[in-house]
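Just passing along the structure, written as structure tokens.
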Amino acid sequence: MQYVTFTLGGSLYGVDVTRVQEALRSHVRTRVPLAPVGTAGLVNLRGQVVLTIDLRPRLGLAPLADDAEPMMVVVQVAGEPISLLVDEIGDVVEVGPERFEQPPDTLDAELRELILGAYKLEGDLLLVLDVDAATAT
């Protein structure tokens, strides 16, 4: 399996490469009044309005510092693009199915619901994000 990786709050996450449309620097977001927590707004990507999700509250992380500029990973969910705000975009990694493990018991219960599993990499743990669960409103 191949995963596009990114970091959030010091942890390494991955999304199935087939779900990723593109990775970009953050764009100007238009806030959505009365939107649920985690909805960061709407962005215009080459004429297409795309919902932007801030994964930090969904993963139980503190908000990003005001002076920090997040990056975006645009993923496909039910045929529609959705932008995920992340701290940094990593590489595409390929891991074999024999290295796949269930989400670690040490993860917070709410976070475990958003993680499909994990791969032990050299010096790091790759948490595979369940894009559908993480973007559900």
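The values are calculated or read from the model by the stated rules, or taken from the named source; none is laboratory data. Keep in mind that what you see is a predicted model, and the values were worked out from it rather than measured. Reconstructed Cβ throughout: ideal geometry from the backbone, glycine too, with neighbour counts over all protein chains shown. These accessible areas exclude ligands, DNA and RNA; they are computed on the full protein's heavy atoms, side chains included. Shrake-Rupley method; radii C 1.70, N 1.55, O 1.52, S 1.80 Å.
State to the nearest 20 debye the size of the charge dipole of the chain about its Cα centre, where the only charges are +1 on K and R beta carbons and -1 on D and E beta carbons.
Using only the charged Cβ atoms, the result is roughly 520 debye.
Now for a different question. Counting only protein heavy atoms and using a 1.4 Å probe, what share of the accessible area of the chain belongs to carbon plus sulfur, as a whole percent?
51
Where q = 0.13, 0.14, 0.20 Å⁻¹, what log10 of I(q)/I(0) comes from the Debye formula for the range 37-137, counting one point per Cα?
Taken in order of the listed q values, log10 I(q)/I(0) reads -0.53, -0.61, -1.17.
Here's a follow-up. Taking loop as defined by DSSP and a crowding limit of 15 other beta carbons within 10 Å, which trypsin sites (Lys or Arg not before Pro) in the range 1-80 fit?
Arg31, Arg46
For Val37 and Glu22, calculate 0.36 nm times their separation in residues minus their Cα-Cα distance, and state this gained length in nm to one decimal.
Fully extending the segment from Val37 to Glu22 adds 3.0 nm.
Could you provide, to the nearest whole Å², the per residue accessible area of the chain with probe 1.4 Å?
56
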